[in-house]
Amino acid sequence: MRTAPGGQRAHDVRRLRDILRATVRGGGYERGQLPSEIELMTAYRVSRATVRAALALLRTEGLIERTQGIGTHAVLEPVTTSLPEAHGVMKPTMGSMFNHRMRPRELDRSMVPAPGAIAERLEIAPGTPCLRLEYLALHEDEPLALATNYVRCPEAIALRDTPFVSDWYQLLADSGVALSDSEFVIDCEPADAPLAAALGVREGTPLISMEQIIYDLGGRPFDVAFIHTRGERFRFVSRASSRELR
């Protein structure tokens, strides 16, 4: 089935946008400088109208700026993090965000009765005391994510008075708390008014939404977290190999 001419152009714009977006967010352009319109037309064999439409989408998303006489530049450099590091199950690499590059701004650290749904996930009776620790994760004083953790005892007691100076996994380590498994359910959501205010974004901005459960060495869940991450500031990388299944 042939695509109508107008529909084909829309697909051409989308495909070019996808390629340019991935390159911008991956830091693929030296010093953030994108090629000229003519260079993009030649490289991707598309019309000037298609190039301009694709760049307009990136500009609307806030990824690039176009300056008359200077050209087009990337304005955001997202953080790339491997999923195993985000899970906390491997030692972070030198340049990882989980290698002392973040700091928290605590919003709440208090013992509270475990709400029903939280108690179910933590496999404790509703109303059992747990630690609620909520914080903004900052990088260079910019908020990247807001996380609310519910921690059962005895881990809650270990975390309750431990100074929180970097990321969550460093806090666990500083508290002497070891983990075995970490599970994410990853979704997306528009920022509502409270999240938008906390993260410094416009209301309706797309966020990465994650529910995390962390397990102790005996396989018992001890931490449930709800994490809201600015989607334009983070890129999660995951790679799997069939060789691991042989």
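Considering Arg101, Arg2, which residue is assigned to a loop (DSSP other than H, G, I, E, B), modelled with pLDDT under 80 and more than 30 Å from Glu183 (Cβ to Cβ)? That would be Arg2, the only listed residue that is assigned to a loop (DSSP other than H, G, I, E, B), modelled with pLDDT under 80 and more than 30 Å from Glu183 (Cβ to Cβ). Would you confirm whether any residue within segment 6-15 is open to solvent by less than 50 Å² (accessible area, probe 1.4 Å), over 27 Å from the mean Cα position of the chain (by Cα) and among the aliphatic types (A, V, I, L, M)? Checking segment 6-15: not a single residue is open to solvent by less than 50 Å² (accessible area, probe 1.4 Å), over 27 Å from the mean Cα position of the chain (by Cα) and among the aliphatic types (A, V, I, L, M).
Could you list, in sequence order, the residues of segment 153-169 that are assigned to a helix (DSSP H, G or I) and either aromatic (Phe, Trp, Tyr) or open to solvent by less than 50 Å² (accessible area, probe 1.4 Å) (or both)? I'd like the intermediate steps shown before the answer.
Residues of segment 153-169 that are assigned to a helix (DSSP H, G or I), as a first pass: 155-160, 168-169.
Within segment 153-169, Glu155, Ala156, Ala158, Leu159, Trp168, Tyr169 qualify.
Just so you know, in segment 220-237 the residues that are open to solvent by 20 Å² or more (accessible area, probe 1.4 Å) and at pLDDT 95 or above include one that is farthest from the chain's Cα centre (by Cα), and it is Arg220. Within segment 65-90, how many residues are open to solvent by less than 70 Å² (accessible area, probe 1.4 Å) and in contact with a His (Cβ under 9 Å, 6 or more places away or on another chain)? So the answer is 2.
Quick check, is Glu61 touching a helix residue (DSSP H, G or I) at 6+ places or on another chain (Cβ under 8 Å), open to solvent by 50 Å² or more (accessible area, probe 1.4 Å) and touching a residue at least 60 places away in the same chain (Cβ under 8 Å)? Yes: the conditions hold for Glu61.
If you go through segment 205-218 one residue at a time, how many are under 16 Å from Thr229 (Cβ atoms) and either among the aromatic types (Phe, Trp, Tyr) or surrounded by fewer than 17 Cβ atoms within 10 Å (Cβ to Cβ) (or both)?
2
Restricting segment 170-194 to residues that are hydrophobic (A, V, I, L, M, F, W, C) and exposed (fewer than 12 other Cβ atoms within 10 Å of the Cβ) leaves a set whose member that is nearest to Leu83 (Cα to Cα) is Val185. Within the option set Ser238, Ser180, being touching a residue at least 24 places away in the same chain (Cβ under 8 Å), of a type in the set (S, T, N, Q), touching a Gly at 6+ places or on another chain (Cβ under 7 Å) and more than 23 Å from Arg105 (Cα to Cα) holds for one residue only, Ser180.
One residue stands out in segment 125-152 among those that are charged (D, E, K, R) and within 11 Å of Asp223 (Cα to Cα): the one that is most open to solvent (accessible area, probe 1.4 Å), namely Arg132.
The values are calculated or read from the model by the stated rules, or taken from the named source; none is laboratory data. Fair warning: this is a prediction, and the values are worked out from it, not measured in the lab. Every residue, glycine among them, receives a Cβ derived from its backbone with ideal geometry; neighbour counts consider all protein chains shown. For the accessible areas, the whole protein counts, side chains as well, though only heavy atoms, and no ligand, DNA or RNA atoms are used. Shrake-Rupley method; radii C 1.70, N 1.55, O 1.52, S 1.80 Å.
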